[in-house]
Amino acid sequence: MIPAEVEYVRAGSLEDALDALADPEAKVLAGGQSLVSVLKLRLVRPRLLVDIGGLELRGVELRDGELRIGALTVWDELVEASELRRPALAAIPECAAGVGDLQVRNRGTIGGSLAHADPASDLPALTIALGASFVLRSPEGERAVPAEDFFQGPFLTALLPQELLTEIVVPPPPAGSGSAYESIEHPASGFALAGAGALVLPDGTRSVGVTGVSGHPFRLDSPDEAEAMLAGVDVFGDHFASAEYRRRLAEVTVRRALARAEQRREEDERWTA
Amino acid sequence: MNLVVNGEPRTLDVEARTLLVHALRDGLGLTGAHIGCDTSQCGACTILLDGRAVKSCTLLTVQAEGTEVTTIEGLARDGELHPVQRAFIEHHGLQCGFCTPGMILTAVDLLERHSDPDDETIRRSLRGNLCRCTGYHGIVEAIRAAAGERNGTS
């Protein structure tokens, strides 16, 4: 399969990239692990590809008391990052290690995946649970959007046409917190039939994000009553998993993620002591 | 556009839409990168890009500007097969051979980062490489043996 003809520009700077995105038929290319596949199927036919792969938006660092992850950081870097070894943040490398396969994790960027917003993608659920926010840059300036407001529908986000996701900001949880990500995958595609990210704080406060079961990932308002809360969600069914089955899978992933996050609280206390 | 392929600087004149696997096969005659599924599932097109395994059917050639590409043709050194290649022969890591270039290059990347991977790690690393004839037993054994040879434990 060969993509349709397309113009291509390699952005030398963030400003270049934003200028090029003034073209309403432009599409951002990062690692290409989602986009190139849909270009080949010609499901997407942009006039112009704006390759941001060369920009300096890569890496994991603790800055000003916040964990900042560049949008062009690839999955494998999350798996290996020493900044993410704390049990309170262990869900991030755990989630990244389960994405795609080795080749995809070597090349696929987290910013590209988040902006692609596949409703069965793993990381969105976790960013919601961790209370992350996304830094979006446009010619007008910068804004930060909470993860739970970023995802608006299948492949639909808060990003404006001339806007780029540059950074993911995670507030580091207090010492004695735990996090976990759990999913039940479709065995062939590896995408989540249902997945849940969980964060448990030292005072027992629980925060949960769920993916794979509806049009976009969402926060579970009262994770202590996962079953009751999921009962109110419009869960979709398809030929892989009926709505009823998916709802059960979601309940299971929420329970498992919470239980493991709970276990990691003690480990985190020892780690940070 | 310019890139280095198997140690040699190359210049390619390609359309933006040209996939790297096509540039390698049709442009440079390096047919070791196989087109299997063409949908980023099977891993037969795996190459090393700056030392890391990637699927060349899911990359535009222009994205490889300035990188170093290694295909299966570039793995042997001075007529000597790479230890992973030898191990695949010795441990029946292939039958028809179609998936083999991708399997070997993925294994090379794995062994670069894990000097002594256990079977589970090996199998997990091969998730993006499908074999439809031998099954994976011989392949896993070959990779384990190549790791052992490198560590001097076999």
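The spread of Cα positions in segment B:2-74, taken along each principal axis and listed from longest to shortest, comes to 29, 25, 20 Å.
For chain A, the relative contact order is 18 percent, taking Cα pairs closer than 8 Å that sit 6 or more residues apart in sequence and dividing their mean separation by the residue count. Put simply, the convex hull of the Cα atoms in segment A:157-243 casts, on average, a shadow of 7.9 nm².
Among the residues of A:24-31, the average count of other protein chain beta-carbon atoms within 10 Å of the residue beta-carbon is 1. Once C-alpha pairs closer than 8 Å and six or more residues apart are averaged by separation and normalised to the residue number of chain B, the relative contact order reads 24 percent. Computed about its Cα centre, the charge dipole of segment A:7-51 is approximately 400 debye, with only Lys, Arg, Asp and Glu carrying charge at their Cβ. Listed from fewest to most Cβ neighbours within 10 Å, the set B:Asp38, B:Asp26 follows the order B:Asp26, B:Asp38.
Viscosity 0.890 mPa s, temperature 25 °C: give me the Stokes-Einstein translational D for segment A:60-170 in µm²/s, with Rh taken as the Kirkwood radius over C-alpha pairs.
Answer, rounded: 175 µm²/s.
Computed about its Cα centre, the charge dipole of segment A:60-170 is approximately 80 debye, with only Lys, Arg, Asp and Glu carrying charge at their Cβ. Annotation: for a label point projected 7 angstrom from Cα along Cα→Cβ of B:Ser115, residues of segment B:127-154 with backbone N closer than 14 Å are B:147-154. What is the Cα centroid distance between segment A:113-167 and segment A:198-241, reported in whole angstrom? Cα centroid to Cα centroid, the span is 19 Å. Along the charge dipole of the protein assembly as shown, Cβ charges K/R +1 and D/E -1, which of A:Leu159, A:Phe240, A:Ala97 sits furthest on the positive end? Farthest towards the positive pole: A:Phe240. Protection proxy ranking, highest mean first, for peptides B:7-13, A:37-43: A:37-43, B:7-13, where packing is the per-residue count of other beta-carbon atoms within 10 Å, averaged. Compute the distance in nm between two label points, each set 7 Å from the Cα along the Cα-to-Cβ direction, one at A:Ser13 and one at A:Arg58. The two pseudo-label positions are separated by 2.1 nm.
Phi angles across segment A:236-243 convert, under the Karplus curve 6.51 cos²θ - 1.76 cosθ + 1.60 with θ = phi - 60°, into 3J(HN,Hα) values of 9, x, 8, 6, 8, 7, 5, 4 Hz, Gly and Pro given as x.
Using a cutoff of 8 angstrom between alpha carbon atoms and counting only pairs six or more residues apart, the relative contact order for segment A:95-248 works out to 23 percent. Put simply, segment B:83-151 fits an ellipsoid with semi-axes of 17, 13, 10 Å; these come from the alpha carbon gyration tensor as the roots of five times its eigenvalues, largest first. Taking only the Cα atoms of segment A:7-51, the ratio Rg/Rh comes out at 0.97, with Rh defined as the Kirkwood radius. Just to be sure I understand the curve: with the Debye formula and one point per C-alpha of the protein assembly as shown, what is log10 I(q)/I(0) at q = 0.11, 0.13, 0.14 Å⁻¹? Each listed q maps to, in turn, -0.88, -1.19, -1.33. Using Cα centres only, tell me the gap between segment A:50-68 and segment B:4-38 in whole Å. Between the Cα centre of segment A:50-68 and that of segment B:4-38, the gap is 30 Å. In a reduced charge model with +1 at each Lys and Arg Cβ and -1 at each Asp and Glu Cβ, the protein assembly as shown shows a dipole moment near 860 debye about its Cα centre.
Computed from the C-beta positions of A:Arg45 and A:Glu140 and an R0 of 30 Å, the FRET efficiency is 0.60 to the nearest 0.05. Relative to the dominant Cα principal axis of chain B, helix B:137-151 is inclined by about 90°.
Since every read-out is calculated from the coordinates, none of them should be taken as a lab result. Keep in mind that what you see is a predicted model, and the values were worked out from it rather than measured. Cβ sites come from the backbone with ideal geometry, for glycine too, and all protein chains shown count toward neighbours.
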